[in-house]
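Engineer: Take this structure, written in structure tokens, and hold onto it; I'll ask about it next.
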Amino acid sequence: MLFNSWQFAVFLPIVFALYWSLPHRFRWFLILIASYYFYMSWNVKYVVLILFTTIISYWAAILIERFRQYGKMIMITAVIMCLGVLFIFKYFNFISQSVSDFLNMFAVHLHPMTLKLMLPVGISFYTFQTLSYVIDVYRGTTKAERHLGIYAAFISFFPQLVAGPIERTNNLLPQIKAHHEFSYEQGTYGLKLIAWGLFKKLCVADVLAVYADKVFADVYQYKGFSLVLAVFFFSIQIYCDFSGYSDIARGSAKLFGIELMENFRSPYFSSSIREFWSRWHISLSTWFRDYVYIPLGGSRVGKFRHYMNLMITFIVSGLWHGANWTFVAWGAVHGLAQILEDVFGTGRKCSAWRVMAVFAFTCAAWVFFRAQNIGEAGYIFAHIFTGISEPVTYLKNGIHDMDIWGIASLMKKLARPLVLFIWDYVCLKHDVIASVTSCKNRILRYSLYFILLHALLLFRVSVNTEFIYFQF
């Protein structure tokens, strides 16, 4: 069930009405049933996997508290078992093919063993949530939850189940258990957040996806400015697609009195790569910081070890996104960029030029993320400036190759990212939704609501288009 589907538009109000109609002691059960129904709407079979990781992590945490002397062994066993499921479904074929390709380089021919398994939606997200829970119990920073049903509701909470944010135990679990009183302000804020998330998905991401997908479906047929546009459009697409999902998730959770962590904070206005990762997919970047980077030693070691820790963290982060060498390259590029920033410094003064330079770098790095293989990425970098010595022809040919007929049509496409950038710029200092809500001029306030609703109905491409991060 997609957030941008009519099914969800029916599902959410029903669950909302039932939730606030039920006594507090039954609400966790409704969340659990609704969440499992939500997940099974994709594939009933794979509910077994989330049940398995939930039960393993639930009992592991209890056993860790009961048998502290064996806590480390129990924790490691639980981590291996949960990661084992993720490895089989997401990485087994990749590792098998990579080993085969490596041996073929030395004339050792080995046919790769592959499994015909579909990647279960959300498996990377809920696996990491169970891992952080078990590790936190082992560290003593949280207590093991004895109520299996409430714990299962925490792991499967449907707004953030399939694409995050990856919640921490100490934030979400107490909220699942807490007694909530309905708040009109929180509920209406949630609805506005959902509407803005839908706008980003339907009116920006899906529109630009048409052009980006056209080029990336066969990059070898394009060169010059068309590649520039495809890379730029994808950079906006993936941001609006993923942050749009996060906004809808946070907005949906607010309807039940639950606050999920903010996952994006105007990342394309960052003045360094380090700052970018403090603003982009915050729940994942902080997860890797707390459970990979810091345990490796973080920055509390020598320079060489510190840089190795950065590279390992970002390479693993890249692999988390997908079983392909392109994701490894994408992670490595970001890790290398942070090392270079540390070596040469970034200065303290933030400027528009630095923000644009960081944005250009992140756009270039997205090439590895979107390309099917390293060869495609190499082709894009080699041909992206082909013909630039004749700027007018360079621009005209690129626009024509993208099937964008004329400068006016291009300006209409660029107007959508412009709205996004204006919103994000204002969000650097203000909560736009809260500011609009508190506006005393009702005519202005309801005019803005009408414009957003009108845009959703008139300028969307379609509904039922999958979110990009479902594949991770």
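Engineer: Counting only protein chains, not ligands or nucleic acids, how are His109, His147, His430 ordered by accessible area (probe 1.4 Å), most first? Walk me through the numbers before you get to the answer.
Structural biologist: On the way: His109 155, His147 70, His430 110 Å².
Descending accessible area places them as His109, His430, His147.
Engineer: Another question, then. Would you compute, from DSSP H runs of 4+ residues alone, the mean residue ellipticity of the chain at 222 nm, taking -39500 (n - 2.57) per run and dividing by the full residue count, rounded to the nearest 500? Could the numbers behind the result be given before it?
Structural biologist: Details: 21 runs with 310 residues, N = 472.
Result for the chain, helices only: -21500 deg cm²/dmol.
Engineer: Starting from 0.36 nm per residue, how many nanometres of slack lie between Arg305 and Thr393 once their C-alpha separation is accounted for? Please report the intermediate quantities before stating the final value.
Structural biologist: On the way: separation 88, 0.36 × 88 = 31.68 nm, distance 4.92 nm.
Contour length minus Cα-Cα distance gives 26.8 nm.
Engineer: Dipole size in debye (nearest 20) for the stretch 251-364 around its Cα centre, Lys and Arg Cβ +1, Asp and Glu Cβ -1?
Structural biologist: On the way: 11 positive and 6 negative charges, 61 e Å.
Value, rounded to 20: 300 debye.
Engineer: Here is a further query. Can you give the FRET efficiency for Tyr291 and Arg146, using 1/(1 + (r/R0)^6), R0 = 25 Å, r = Cβ-Cβ distance, to the nearest 0.05?
Structural biologist: 0.55
Engineer: Using a 1.4 angstrom probe on the protein heavy atoms only, could you order Trp325, Trp6 from most to least accessible area?
Structural biologist: Largest accessible area first, the list is Trp6, Trp325.
Engineer: Taking the full set of protein chains and a 1.4 angstrom probe, give the accessible area of Phe385 in square angstrom, rounded to the nearest 10.
Structural biologist: Surface accessible to solvent at Phe385 totals approximately 130 Å².
Engineer: Near Lys254, which aspartates and glutamates are there with a Cα under 19 Å away, not counting those fewer than 8 places off in the same chain?
Structural biologist: The qualifying aspartates and glutamates are Glu167, Glu181, Glu185, Glu262, Asp431.
Engineer: Shifting gears a bit: Need one number: the % of Cα-Cα pairs in the stretch 297-386 sitting beyond the 20 Å mark.
Structural biologist: Numbers: 1807 of 4005 pairs.
Counting pairs separated by more than 20 Å, the tail of P(r) holds 45 percent.
Engineer: Taking only protein heavy atoms and a 1.4 Å probe, what accessible area per residue, in Å², does the stretch 142-233 have with all protein chains in place?
Structural biologist: On the way: 3100 Å² over 92 residues.
On a per-residue basis, 34 Å².
Engineer: Mind giving me the FRET efficiency for Ile95 and Arg66? R0 is 51 Å, r the Cβ-Cβ distance, nearest 0.05 is fine. Walk me through the intermediate numbers first.
Structural biologist: Details: r = 36 Å, r/R0 = 0.70.
For R0 = 51 Å, the calculated efficiency reads 0.90.
Engineer: Could you tell me the relative contact order of the chain? Use alpha-carbon pairs under 8 Å, at least six residues apart, and round to a whole percent. Don't skip to the answer; put the middle values down first.
Structural biologist: On the way: 607 pairs, mean separation 89.1, N = 472.
Contact order relative to length: 19 percent.
Engineer: Still on this structure: With unit charges on the beta carbon (Lys/Arg positive, Asp/Glu negative), name the residue among Tyr70, Ser96, Thr114 whose Cα is farthest towards the positive pole of the charge dipole of the stretch 38-164.
Structural biologist: Working it through, the farthest residue towards the positive pole turns out to be Tyr70.
Engineer: Taking the Cα centre of the chain as origin and charging only Cβ (+1 Lys, Arg; -1 Asp, Glu), how large is the dipole, in debye to the nearest 20? Intermediate values should be presented prior to the final figure.
Structural biologist: Working: 40 positive and 25 negative charges, 206 e Å.
Computed charge dipole of the chain: roughly 980 debye.
Engineer: Give me the net charge of Ile312's neighbourhood, meaning all other residues with Cβ under 14 Å from the Cβ of Ile312; Lys, Arg count +1, Asp, Glu -1.
Structural biologist: Working: positive: Arg289, Arg305; negative: none.
So the surrounding residues net to +2.
Engineer: Next up: Largest first, please: the extent of the C-alpha atoms of the stretch 338-421 along each principal axis, to the nearest Å.
Structural biologist: Principal axes ranked by extent give 45, 34, 26 Å for the Cα atoms.
Engineer: Please give, to one decimal in nm, the separation of the simple spin-label points placed at Cys439 and Met118, each 7 Å out from Cα toward the Cβ.
Structural biologist: About 4.4 nm, to one decimal.
Engineer: Measure up Lys214/Lys396; Lys90/Lys201; Lys200/Lys440; Lys223/Lys396 against 20 Å on the Cα-Cα distance and list the ones that go over.
Structural biologist: Details: Lys214/Lys396 18 Å; Lys90/Lys201 26 Å; Lys200/Lys440 26 Å; Lys223/Lys396 12 Å.
Pairs exceeding 20 Å: Lys90/Lys201; Lys200/Lys440.
Engineer: Grab the other residues whose beta carbon is less than 13 angstrom from that of Glu145, score K and R as +1, D and E as -1, and report the net. Could the numbers behind the result be given before it?
Structural biologist: Numbers: positive: Lys143, Arg146, Lys177; negative: Glu65, Asp136.
Local net charge: +1.
Engineer: Can you figure out the FRET efficiency of Arg274 with Gln7, using R₀ = 41 Å and their beta-carbon distance, to the nearest 0.05? Display every interim value, and only then the final one.
Structural biologist: Working: r = 41 Å, r/R0 = 0.99.
Step by step, r from the Cβ atoms, then E = 0.50.
Engineer: Using 7 Å Cα-to-Cβ label points, what is the Glu466/Ala352 separation (nm, one decimal)?
Structural biologist: Calculated label separation equals 4.1 nm.
Engineer: Go through (i) 157; (ii) 127; (iii) 180 and flag the label whose value is the computed volume of the Cα convex hull per residue in Å³ for this structure.
Structural biologist: Correct label, based on the coordinates given: (iii).
Engineer: For the stretch 135-284, which whole percent of the accessible surface, found with a 1.4 angstrom probe, sits on carbon and sulfur atoms?
Structural biologist: Exposed carbon and sulfur together represent 55 percent of the surface.
The values are calculated or read from the model by the stated rules, or taken from the named source; none is laboratory data. Nothing here was measured: the structure is a model prediction, and the numbers come from that model. Because the Cβ atoms are built from the backbone with ideal geometry, glycine has one as well, and the counts that use them run over all protein chains shown. With ligands, DNA and RNA removed, areas are computed over all heavy atoms of the protein, side chains included. Shrake-Rupley method; radii C 1.70, N 1.55, O 1.52, S 1.80 Å.
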